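The values are calculated or read from the model by the stated rules, or taken from the named source; none is laboratory data. Just so it is clear, the structure is predicted and the values come from calculations on it, not from any experiment. Heads up, the Cβs are rebuilt from the backbone with ideal geometry, glycines too, and the neighbour counts pull from every protein chain shown.
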Amino acid sequence: MDSAYQTPSEFNRIQMIALVLGVAGAVAMIAGAINAGTREQFFRSYLFGFTVWVGLPIGCLGLLQLQHLISGSWGVMIRRVLEAGTRTFWLLILAFIPIALGLKYIYVWARYPAGEVFTGFMAHKAKYLNSGFFIGRAALYFFLFGLLTVLLNKWSKDQDTSGNSRIEANRMRVLSGPGIVIFCLAVSFASFDWVMSLDPYWGSTIFGLIFLIGWTLLALTFVVCTMAYLSTRKPLEGSIGPPHFHDWGKLMLAMVLVWSYFNISQYLLIWSANLPEETKWYIGRTTGNWRWFGFFLGVFMFALPFFLLLSRDLKRAWKTLIPVALGLFFVRMVDIYWLVGPSPRASEGVAGVHHLPYFKISWMDFASIVAFGGIWVAAFIWHLQARPLLPLKDHRLERGIAHAHKGEHMFEVPIED
């Protein structure tokens with residue numbers, strides 16, 4: 001049965017294309033790093049690409065723990081895709097090394113003395129925002145993510161050979177309870193460090209929750225697209241049906257609403273408080289050319305997907321759900337760029353923190369997305385091919401496959417004249 005549930009051979013071609021694109025993007029990025037005149041832009045674009053693609057293994061880890069806790073039919077069918085996504089963490093850990101080496105090109109607080117950056121009532125931030133503590137916290141985040149990933153993947157693999165698969169299933173469920181709490185805290189503080197500290201004078205306690213739901217939504221859109229591709233090919237053809245896509249679509253709708261709620265809450269709180277050190281962050285993103293990004297996100301990250309995903313028929317058909325998932329994946333990248341792009345640049349110094357951002361888009365922003373994306377997709381497919389596409393010994397699998405045909409004949413009732 002293991003050999004009968006292997007990844008379709010077409011994935012080898014996709015993997016090769018992704019790897020070629022990733023290497024080409026990486027070469028372009030290296031050229032930008034070598035040139036001293038574009039080195040700061042390289043690190044800024046590098047952080048953008050890293051922030052986008054690190055969200056996929058992080059989001060997969062969150063969804064993986066969620067499906068272990070809920071034990072729904074929607075979760076068992078995507079478990080192998082989620083596990084393959086989490087096992088790419090080693091790649092993102094390696095990708096963080098250039099960020100650790102180039103902190104002075106990215107963050108104002110890492111380039112200038114703490115006493116020059118943090119003065120007055122901001123002086124306490126110097127104890128938190130310093131290079132050594134920053135790298136130490138990043139190591140802790142990756143350790144926690146890695147530990148959860150290793151344990152969940154090990155017990156899942158043991159389940160395939162276990163005589164009593166419920167033992168491993170119970171282990172994974174028990175770990176996922178406290179694991180999700182640890183996961184949420186680690187994601188929140190990681191977003192504080194990697195993105196929010198680009199503007200060292202600005203802060204928001206809900207910022208971490210925005211990244212938590214945003215990265216999870218990003219991973220879900222990728223998973224839906226992957227499952228749609230697999231559902232039309234053997235060996236999963238016939239095992240994944242409209243009810244599965246309906247469940248994933250409902251979860252996607254819920255995440256769109258939560259993302260919107262968190263963003264609106266943050267905006268209203270800052271608007272009502274009207275403190276200069278807080279409002280400047282939004283003023284810079286709602287004036288000039290950056291304001292069009294805000295309008296774009298309001299329409300395509302909330303309004304349009306909200307109304308589309310209300311449709312039951314759209315969610316049940318993969319051909320109509322895929323455009324929504326792909327659109328949300330792209331819009332999430334724009335959202336992250338809107339968070340990173342207008343932030344003060346390290347070369348501007350403390351003065352740059354007090355001025356509104358200028359609008360600038362670099363070719364390296366696109367090269368970074370291609371480089372990270374191509375290499376990550378290639379690594380993901382490699383991990384996906386390492387195990388059967390379904391957890392064959394999981395006691396929920398039979399129910400999960402049967403769920404594909406749930407309600408097929410519910411409307412096929414003859415109507416009398």
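For this structure, a couple of remarks:
- Verdict on ILE336 being of a type in the set (A, V, I, L, M), out of contact with any strand residue (DSSP E or B) (no Cβ under 8 Å at 6 or more places or on another chain), in a helix (DSSP H, G or I) and within 30 Å of LYS157 (Cβ to Cβ): no
- All positions within the range 167-183 that are in contact (Cβ under 8 Å) with a residue 24 or more places away in the chain and either outside any helix (DSSP H, G or I) or surrounded by 14 or more Cβ atoms within 10 Å (Cβ to Cβ) (or both): ALA169, MET172, ARG173, LEU175, SER176, GLY179, ILE180, ILE182, PHE183
- Considering the conditions (1) without any contact (Cβ under 8 Å) to a residue 12 or more places away in the chain; (2) on the phi > 0 side of the Ramachandran plot, GLY288 is excluded by exactly one of them, (1).
- Some residue of the range 219-235 being in a helix (DSSP H, G or I), basic (Lys, Arg) and more than 22 Å from ILE93 (Cβ to Cβ): no
- Failed item, numbered, when ILE264 is tested on (1) closer than 24 Å to LEU218 by Cβ; (2) among the aliphatic types (A, V, I, L, M); (3) part of a helix (DSSP H, G or I); (4) at pLDDT below 95: (4)
- Candidates LYS280, LYS250, filtered to the one that is of a type in the set (Lys, Arg), over 16 Å from the mean Cα position of the chain (by Cα) and closer than 18 Å to LEU339 by Cβ: LYS280
- Those residues of the range 215-265 which are free of Cβ contacts under 8 Å to residues at least 12 places away in the same chain and under 22 Å from VAL299 (Cβ atoms), in sequence order: ALA254, TYR261, ILE264
- If the condition is being touching a Ser or Thr at 6+ places or on another chain (Cβ under 8 Å) and either farther than 30 Å from TRP338 by Cβ or small (Gly, Ala, Ser) (or both), then the range 354-380 contributes SER362, ALA367, SER368, ALA379.
- Scan of the range 140-149 for residues that are free of Cβ contacts under 8 Å to residues at least 12 places away in the same chain and surrounded by 13 or more Cβ atoms within 10 Å (Cβ to Cβ), ordered by number: LEU147
- Filter pass, THR38 being of a type outside the set (D, E, K, R), touching a helix residue (DSSP H, G or I) at 6+ places or on another chain (Cβ under 6 Å) and buried (at least 21 other Cβ atoms within 10 Å of the Cβ): no
- Leading residue by the ranking (farthest from LEU212 (Cα to Cα)) among those in the range 170-185 that are in contact with a His (Cβ under 7 Å, 6 or more places away or on another chain) and of a type outside the set (D, E, K, R): MET172
- The sole residue among ILE240, ILE270, ILE283 that is under 30 Å from PHE42 (Cα atoms) and of a type in the set (Val, Ile, Thr) is ILE283.
- Between LEU19, LEU92, LEU63, the distinction of being under 18 Å from the mean Cα position of the chain (by Cα) and closer than 18 Å to TRP382 by Cα belongs to LEU92 only.
- Residues that are farther than 20 Å from ASN164 by Cα, modelled with pLDDT of 85 or more and surrounded by fewer than 19 Cβ atoms within 10 Å (Cβ to Cβ) within the range 393-417 comprise just one, ALA402.
- Test: residue in the range 366-376 that is over 29 Å from ILE70 (Cα atoms), of a type in the set (Ser, Thr, Tyr) and surrounded by 19 or more Cβ atoms within 10 Å (Cβ to Cβ): yes
- Scanning the range 301-318 for residues that are part of a helix (DSSP H, G or I) and either under 23 Å from the mean Cα position of the chain (by Cα) or without any contact (Cβ under 8 Å) to a residue 24 or more places away in the chain (or both) returns MET301, PHE302, ALA303, LEU304, PRO305, PHE306, PHE307, LEU308, LEU309, ASP313, LYS315, TRP318.
- Residue within the range 367-376 that is within 24 Å of PHE302 (Cα to Cα) and within 22 Å of the chain's Cα centre (by Cα) present: yes
- Odd one out for GLY136 among (1) in contact (Cβ under 8 Å) with a residue 40 or more places away in the chain; (2) among the small types (Gly, Ala, Ser); (3) more than 30 Å from GLN6 (Cβ to Cβ): (1)
- Filter pass, LEU152 being in a helix (DSSP H, G or I) and touching a residue at least 24 places away in the same chain (Cβ under 8 Å): yes
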